[in-house]
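Presented below is the structure to which this report refers.
What follows draws every value from the coordinates through simple rules; no lab data is involved. If you're wondering where the values come from, they're calculated on a predicted model, not measured in any experiment. Virtual Cβ from ideal backbone geometry, glycine too; neighbours counted across all protein chains shown.
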C-alpha cells in the first residue's frame, strides 16, 4: 500500500511539473482585448516613434534581438552573433522564419530593412542606425554590420521594435499604405485598423516560436485612465496598462494588478545652465551652479515620504537613487549609500553657507500627469522651508518639451526612459554633448563624466563598460544634478480570465515568446 | 498654434532627440519654411479640395475627417434630441406651474445641468450606468453596419445624455422664461377668453410661439455641442472629430487642427442656415423672398 502511495504521489508530482512546464493547462482560442491610452500613429516600424505604435508592431513583427522579461538581451530572429572586431558584427539568422505572406525571411530582408532606415529618401523620423557604415548579406542567412566606430550598445539599438524586419515586396506593393496594412513575421497578423476605435490582429499559426494560444488580439484606445480602469473591472476590456496613483490599492485587489518598477526615470531636474534660467535673468547668476544649493535641495526633499504619499503602498519599491535602473548590470549600489537622505537643518545650513539664507524666487516646470503634479506641489512646499518661493507651471507637452530643451525653467519635474542599456540613460541624461534636446536638461557638464561615458560606449567588454559606468554614477551621485525620485511603476491590470501575461519593464506586453504564450479562459 | 511654443518635430521625437534628426524632420515636414509659405500652401490645397496630410501620421486629413465626421454628427444630433426631449416638458411644466415645487425642482435640475462640467458628468455616468449597473458599455463606438443597431444605440446613450444634459438644462430655462412671456400676451388671453382648454392654449398658442427663440438658441448651441464633443469623445473613447482635434492640438499637427476647424465651421454654418430656414415653418410672419 505504501509503495502504491509512493508511486501515486510521484506520478501526480510529475504531472503537475509537466503541466506547468509545457503549458498544457493553456486553452487555445479566444480574444484578448487590450486598452491603450492612445491610438497608434503608424504600424510601419521604420516610421514609428510612439509607444502605442511600438506595442502593436511588437506583435506583428520580429527583430534580430530582443530584451526578455528580465531585461537581458536574447536572440530573436538570430541564432547567434559575433563581434570579431570592435566595428564588425556578424549575425546568423534562423532559417525557419516566414513572413505572414508565406515567404521565408532571409539576410536580404534584414539588409533591405536596414538600408531603408538609413536611406534619407525614406525620411525616417529618427535615424536609429546613425552609427552604421555598411550592412551586407554574407550568405542567405548571415548578415554583417560594419560600424563607423566601436559602439558597444549596438545590440540594444537592434532590439528596438523600430528595427523590426520588413518584407520588401510588401512595401513595394503597398507603398505608404503599408503603415495601415503591415505584414511582418510576428505571432499575430494584421487584420484591420479603425482609427481611434480598434486595431485587430489574428493568430499567425506558422509563427516560428510557437503557435499562439490566442485567436485574436484587439487593441482599443481608451484615453481616460479612470474609464479604462472601470472597463477592466467590468470585463469590457481584458487588460489595461495604466492606473491612477490613487487607485493602486483598490486595483490591486479588484483588478489583479501587477506592479513593477519600469524603465521610466522620474526626477527633479536642477537647471545648471549658466545663463538661461529665470534666476540668471533676475539676479545675474544661477544659484544651482553651487553644489551646496543642490545638496540643500536634495536634503530638504523627503523622497521616501513623498513617494509613499503619491504612490501609497508601492512607494518604497519604486524609489530611485540614480539615473540607472537598479536591475541594470551596470548599476552601482554605492550610490544608495551616497544618497543625501532627509535633513532639513543641514539643508538650511548649506543654504546659509552658500549665501542664500533668505532664499530666492524660482519656477518649477512640471508635467501635468497626476503623480508629477503632486510632486511639484510637495516640492514647492519643501522649497518654502528653505525660503525659496517657487511657482509651478504646467504647460501642455509640446510647450514643456520646448522649454525644457531651451533651458527655460529653474527646476523641472521630468521623466526619461530608454532601453536597459546604461548608455541610454547615462549618456543622454548626463553627457555635455546632449545639452538641451539631447536629454541633458540639467545642462550638467563634467569632463571626467563625459570621458567615462565615452569610454563606456566604446569599450569592448562588459566588465570594462561596467567599471566606467560605475565610476560615472559615483561622481554624479556626489554632484547631484537631479533629485532622483522614482522608477515609473509599470502597471498591468487584467481580468481573471487572462493567463501568462506579465508586466514588462518597458511598459508593453509579450504575448508569445519562448517564455510565455498568453491564453484566455 | 504657430505662435505658441512647441515644435511638432520635437514632440514627435520626444526627449533625447539628436539635433541632426530634429533638423531633418523639420525639413521633411516643411516646418523650416516661413509661416506664410505654409499657410499659402494650405489655402491653395483647400481650393483643390485637399486639406493636406497629417504631419505625424502622414494620412490625408480630409479622409480621416470624413471617416470621423459621422460619429460626431450622430453624437451631437442625438444629444440635441435628448436635450430637446428633456427641456421642453421640464420648461413647459415649470412655466405653467410657476413657483411650485415642480418649478423649483426642474429649475434646480437645470442649474445643476448647466453647472456640471461634461467630463465630470461623463465619468459619473460611466461609474453608475456601466460600472455599477452594467446597463451600458462605458466606452467605445459601435457602427450600425458593423455591430448592429442595438449595439449602436447602447454605445450612444451614455455619451448622448452626458453631452445633452447641459444643453437640456439651458433649453429648459429658456423654454420656461420664453413661455412665461408668451403666456402673458394678449392673444393668449384672447384664446383663454374664447374658452379653449388650457392644454391647447399652452401647446398651440404658447409653446409654438415660444419655439422661435428656442430654435435660434438651438442653432447657436450646436457649435457649443461640437465643442463639447471634444471632451465627450475623449471620455467615452469615441472615434470622432473632437478626439481628432485633441490629438492634433497635443501633437501640434497643424494640418489636422486647420482641417478640423474648417470642417466644424462648415457644419456650424450649415446648421445655422437650416435654423434660419426653419423660421418660415415656425412663424408665418417670416418670409424669405
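Here the label points at residue B:128 and residue A:139, each 7 Å from Cα along the C-beta direction, are separated by 7.2 nm in the simple model.
The largest-to-smallest principal axis extents of the Cα set in region A:417-521 are 57, 31, 23 Å. The simple Förster model, with R0 at 22 Å and r as the Cβ-Cβ distance, assigns residue A:246 and residue A:502 a FRET efficiency of 0.35.
Taking a ≥ b ≥ c as the square roots of the eigenvalues of the Cα gyration tensor, an a/c ratio of 1.5 or more together with a/b larger than b/c marks chain A as prolate. For residue A:173 and residue A:69, the difference between the fully extended length at 0.36 nm per residue and the C-alpha to C-alpha distance is 33.9 nm.
Residues B:230, B:246, A:413 in ascending order of nearby Cβ atoms (within 10 Å, fewest first): B:246, B:230, A:413. Classification of region A:364-427 by its C-alpha gyration tensor yields a prolate form. The axis ratio a/c (a ≥ b ≥ c) is 1.5 or more, and a/b outweighs b/c.
Assuming a ≥ b ≥ c are the square roots of the Cα gyration tensor eigenvalues, decide whether region B:236-279 counts as rounded (a/c under 1.5), prolate (otherwise, with a/b larger than b/c) or oblate. Here region B:236-279 falls in the oblate category.
Region A:463-516 and region B:36-108 have Cα centres lying 43 Å from one another. Axis angle, to the nearest 10 degrees, between helix A:370-385 and the longest C-alpha principal axis of chain A: 20 degrees. What separates the Cα centres of region A:252-270 and region B:220-234 is a distance of 34 Å. Modelled spin-label separation between residue A:130 and residue B:224, with each label point placed 7 Å from Cα along the Cα-to-Cβ direction: 5.1 nm. With one equal scatterer per alpha carbon and no solvent term, the Debye-computed log10 I(q)/I(0) for region A:347-464 at 0.19, 0.20 1/Å reads -1.06, -1.10. When the alpha carbon gyration tensor of region B:55-148 is reduced to an equivalent ellipsoid, its three semi-axes come out at 35, 17, 14 angstrom, largest first.
Among B:76, A:277, A:495, a tally of other beta-carbon atoms within 10 Å of each Cβ gives an order, fewest to most, of A:495, A:277, B:76. Each listed q (0.11 Å⁻¹) maps to a log10 I(q)/I(0) for region B:192-289, found by the Debye formula over equal Cα scatterers with no solvent: -0.52.
The label point for residue A:373 and the one for residue B:280, both projected 7 Å from the Cα toward the Cβ, are 5.1 nm apart. A Stokes-Einstein calculation at 4 °C with viscosity 1.567 mPa s, built on the Kirkwood radius of region A:53-103 over Cα pairs, returns a diffusion coefficient of 102 µm²/s. Adding -39500 (n - 2.57) for every DSSP H run of four residues or longer, then dividing by how many residues the protein assembly as shown holds, sets the calculated 222 nm ellipticity at -15000 deg cm²/dmol. Between 0 and 90 degrees, the angle of helix A:397-406 with respect to the longest Cα principal axis of chain A falls at about 60 degrees. With one equal scatterer per alpha carbon and no solvent term, the Debye-computed log10 I(q)/I(0) for region A:194-325 at 0.13, 0.14, 0.16, 0.20 1/Å reads -0.83, -0.88, -0.98, -1.18. Counted residue by residue at 0.36 nm each, then reduced by the alpha carbon distance between them, the extension gain from residue A:334 to residue A:79 reaches 88.1 nm.
How are the alpha carbon pair distances in region B:9-104 distributed across 10 Å bins from zero to the largest one, expressed in percent? Taking all Cα pairs of region B:9-104, the binned fractions are 13, 23, 20, 15, 12, 13, 6, 0 percent. A viscosity of 0.890 mPa s and a temperature of 25 °C, combined with the Kirkwood radius over Cα pairs in Stokes-Einstein, give a translational diffusion coefficient for region A:247-358 of 148 µm²/s. Each of A:362, A:269 was scored by other Cβ atoms within 10 Å of its Cβ. Arranged with the fewest first, they read A:362, A:269.
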